[in-house]
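S.K.: Handing you this structure, nothing more for now.
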Amino acid sequence: MILIFLGPPGSGKGTQAQRLAEMARIAHISLGDILREQVRLGTDLGKQAKEFMDAGRLVPDVLTIELTRQRIAAPDCRAGFIVDGFPRTGEQAEAFDRMLAGQNLQLDAAVYFKITEDQATERLLKRAGLEGRADDNEATIRTRFEVYEKQTRPLIAHYAKMGKLVEIDASRTIDEIFAELKKITAIAAVL
Ligand code: AMP
């Protein structure tokens, strides 16, 4: 099963991706986690990515596309994977479509986590207290929303056109959303 999770920051897609991947025994690919690890290790890539991440802007497509290409080729992705936080731009989406086609793989569904900016901001500010992420502060959160609206939201239409879009009400509790995801993926697996 191959899924992508789309949605604004704070929509809970990371939490759900981790939980679903564990249950379905498939890989969870979080571009944000991969990038934060590179920053922590102080690699060249991490150094390049850090200033964009701290500002709430997107890391250049060339970097994220290459990271994803390498990651989905890893052995643990053979049984399937969930990509959370990628693609986030039209260019990334097209590159991802080509990557899958090149490996004879089929996307099962693009799950769109729908939530209002106010609800998501409240969650992110709560997370700021718990996890201490550098980009979970009010100014950066606002930029991340603007970036999402401008660059990522148009992808909803891209996947709708492909007949792969599934919308989920992400304002509910973690357990409610997970229950719906299980239903959706049971359907996606037989599409
Ligand atoms: P996330 O953990 O998904 O909220 O991502 C944290 C930050 O990592 C984002 O604000 C971006 O700076 C960067 N990032 C994550 N995924 C991508 C992507 N697909 N394209 C560009 N930048 C990304």
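The values are calculated or read from the model by the stated rules, or taken from the named source; none is laboratory data. The shown structure was predicted, so the numbers you read here are calculated from the model rather than taken from an experiment. Because the Cβ atoms are built from the backbone with ideal geometry, glycine has one as well, and the counts that use them run over all protein chains shown.
S.K.: Only residues that are among the basic types (Lys, Arg) and within 11 Å of the ligand (Cβ to nearest atom): list them for region 38-83, please.
M.R.: Those that are among the basic types (Lys, Arg) and within 11 Å of the ligand (Cβ to nearest atom): 50, 57.
S.K.: Right, here's the next one. Being of a type in the set (Asp, Glu), within 13 Å of the ligand (Cβ to nearest atom) and without any contact (Cβ under 8 Å) to a residue 12 or more places away in the chain is the filter here; which residues of region 135-178 pass it?
M.R.: 146
S.K.: Counting just the residues of region 40-78 that are part of a loop (DSSP other than H, G, I, E, B) and among the basic types (Lys, Arg), which one comes out surrounded by the most Cβ atoms within 10 Å (Cβ to Cβ)?
M.R.: 57
S.K.: How many residues are touching a residue at least 40 places away in the same chain (Cβ under 8 Å) and of a type outside the set (A, V, I, L, M) if we restrict to region 37-68?
M.R.: Residues that pass the stated criteria total 3.
S.K.: Please work out which one of (1) closer than 24 Å to residue 68 by Cα; (2) touching a Ser or Thr at 6+ places or on another chain (Cβ under 9 Å); (3) at pLDDT below 95 is the condition residue 145 fails and give its number.
M.R.: For residue 145, the exception is condition (3).
S.K.: Sticking with this one: What number of residues within region 153-167 are exposed (fewer than 14 other Cβ atoms within 10 Å of the Cβ) and assigned to a helix (DSSP H, G or I)?
M.R.: 3
S.K.: Just need a number here: residues in region 22-37 that are within 11 Å of the ligand (Cβ to nearest atom) and either over 20 Å from residue 82 (Cα atoms) or aliphatic (A, V, I, L, M) (or both).
M.R.: So the count comes out to 4.
S.K.: If residue 119 meets every condition in (1) surrounded by 12 or more Cβ atoms within 10 Å (Cβ to Cβ); (2) free of Cβ contacts under 8 Å to residues at least 60 places away in the same chain; (3) of a type in the set (S, T, N, Q) apart from one, which number is that one?
M.R.: With respect to (1) surrounded by 12 or more Cβ atoms within 10 Å (Cβ to Cβ); (2) free of Cβ contacts under 8 Å to residues at least 60 places away in the same chain; (3) of a type in the set (S, T, N, Q), residue 119 is out only on (2).
S.K.: Go through region 6-18 and give me each residue that's more than 11 Å from the ligand (Cβ to nearest atom) and crowded, with 18+ Cβ neighbours inside 10 Å.
M.R.: 12, 16
S.K.: To continue, here is another question. Only one of (1) over 23 Å from residue 22 (Cβ atoms); (2) surrounded by 12 or more Cβ atoms within 10 Å (Cβ to Cβ) is not met by residue 110, so which one is it?
M.R.: Here residue 110 meets the rest and fails (1).
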